[in-house]
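Take a look at the structure set out below.
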């Protein structure tokens, strides 16, 4: 049952709920307990944070991925921007663009900022994380390398699927010990663990907060483990009809079908 049906006085979007502060979650839990359960199969899940204030990514943040790419481990986080217009939800189609045949998957742990902060310590950064979400940082490789910012290749429409929901930080005992698995048509392509991150979630938040005031609802996707299509021999990119599933322990599964762009 929609939250607004049982508690219309509460925020009706996730960003509004996040911005209201942690105490509002207790009210949400009490309101949810009053509502009738609704079968998951009866609803279409949308992206849990469809229009975040910022959608940021961290590149080359797993040691095994740096190794497969033949690149040095970075000394500081490599940060890029994904346009919010790329965001779609779980089970939504993602589009293989006409202008490229190099669409690649990147299963990732995303974090959602809970409250505004600047110049955060590691302790404060941990407290600033509202929750975690699965992200597939889809990348169009030839367009990615057209510009040093990599933003173009990261920001095609539909190339930021996330979901199926945000799991609050109190339900994730250790964000640095989560299994990350990506499959394409049932074949395991990536099998990693967030313990292999070069920069952990709190370090990323603290680093970014030296530059910008992080706003409630900002989504930061934290890098991908080894196994991307670009680094396979030969490279193996996504094609129309493929089904890509990213699973992270404790967070669920994000599944999307690839469709070819049409006129």
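The values are calculated or read from the model by the stated rules, or taken from the named source; none is laboratory data. In this text, all values refer to a predicted model and were calculated from it rather than measured experimentally. Ideal geometry is used to build each Cβ from the backbone, glycine not excepted, and the neighbour counts take in all protein chains shown.
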Original post:
Within the stretch 22-49, which residues are in contact with a helix residue (DSSP H, G or I) (Cβ under 8 Å, 6 or more places away or on another chain) and either without any contact (Cβ under 8 Å) to a residue 40 or more places away in the chain or surrounded by fewer than 15 Cβ atoms within 10 Å (Cβ to Cβ) (or both)?
Top reply: 24, 28, 31, 32, 34, 35
Original post:
What number goes with the only condition from (1) under 30 Å from residue 119 (Cα atoms); (2) out of contact with any helix residue (DSSP H, G or I) (no Cβ under 9 Å at 6 or more places or on another chain); (3) outside any helix (DSSP H, G or I) that residue 195 does not pass?
Top reply: (3)
**OP:** Scan the stretch 194-238 residue by residue and report those that are without any contact (Cβ under 8 Å) to a residue 60 or more places away in the chain and within 26 Å of residue 177 (Cβ to Cβ).
**Re:** 195, 200
**OP:** Inspect the stretch 206-227 for any residue being more than 21 Å from residue 79 (Cβ to Cβ) and in contact with a helix residue (DSSP H, G or I) (Cβ under 8 Å, 6 or more places away or on another chain) and give the result as yes or no.
**Re:** yes
**OP:** Have a look at 50, 37, 74 and point out the one that is outside any strand (DSSP E or B), within 19 Å of residue 167 (Cα to Cα) and either assigned by TED's automatic domain parsing to the domain that holds residue 169 or within 13 Å of the chain's Cα centre (by Cα) (or both).
**Re:** 50
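Filter the stretch 1-21 down to the residues that are assigned to a helix (DSSP H, G or I) and either within 24 Å of the chain's Cα centre (by Cα) or touching a residue at least 12 places away in the same chain (Cβ under 8 Å) (or both) and list them by number. Talk me through it step by step, then tell me what you get.
Initially, the stretch 1-21 is screened for residues assigned to a helix (DSSP H, G or I), giving 3-6, 14-19.
Result: 3, 5, 6, 14, 15, 16, 17, 18, 19.
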Original post:
Consider residue 18 against the criteria (1) loosely packed, with under 15 Cβ neighbours inside 10 Å; (2) within 21 Å of residue 84 (Cα to Cα); (3) not assigned by TED's automatic domain parsing to the domain that holds residue 208: it satisfies all of them except one. Which criterion is unmet?
Top reply: (1)
Original post:
Do we find a residue being modelled with pLDDT of 95 or more, crowded, with 20+ Cβ neighbours inside 10 Å and within 30 Å of residue 22 (Cβ to Cβ) anywhere in the stretch 137-154?
Top reply: yes
Original post:
How many residues does the stretch 77-98 hold that are in contact with a helix residue (DSSP H, G or I) (Cβ under 7 Å, 6 or more places away or on another chain) and part of a loop (DSSP other than H, G, I, E, B)?
Top reply: 2
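Taking into account only those residues within the stretch 1-15 that are loosely packed, with under 15 Cβ neighbours inside 10 Å and under 24 Å from residue 219 (Cβ atoms), which is modelled with the lowest pLDDT?
Residues of the stretch 1-15 that are loosely packed, with under 15 Cβ neighbours inside 10 Å, as a first pass: 1-2, 4-5, 8-9, 12-13.
Going one step further and asking which of them are under 24 Å from residue 219 (Cβ atoms), we end up with 2, 4, 12-13.
Values: 2: 76, 4: 80, 12: 80, 13: 87.
The qualifying residue modelled with the lowest pLDDT is 2.
Would you tally the residues in the stretch 183-192 being over 17 Å from residue 58 (Cβ atoms) and part of a strand (DSSP E or B)? Reasoning before the result, please.
Within the stretch 183-192, the subset over 17 Å from residue 58 (Cβ atoms) is 183-189, 191.
Narrowing further to those that are part of a strand (DSSP E or B): 183-184, 187-189, 191.
Final tally of qualifying residues: 6.
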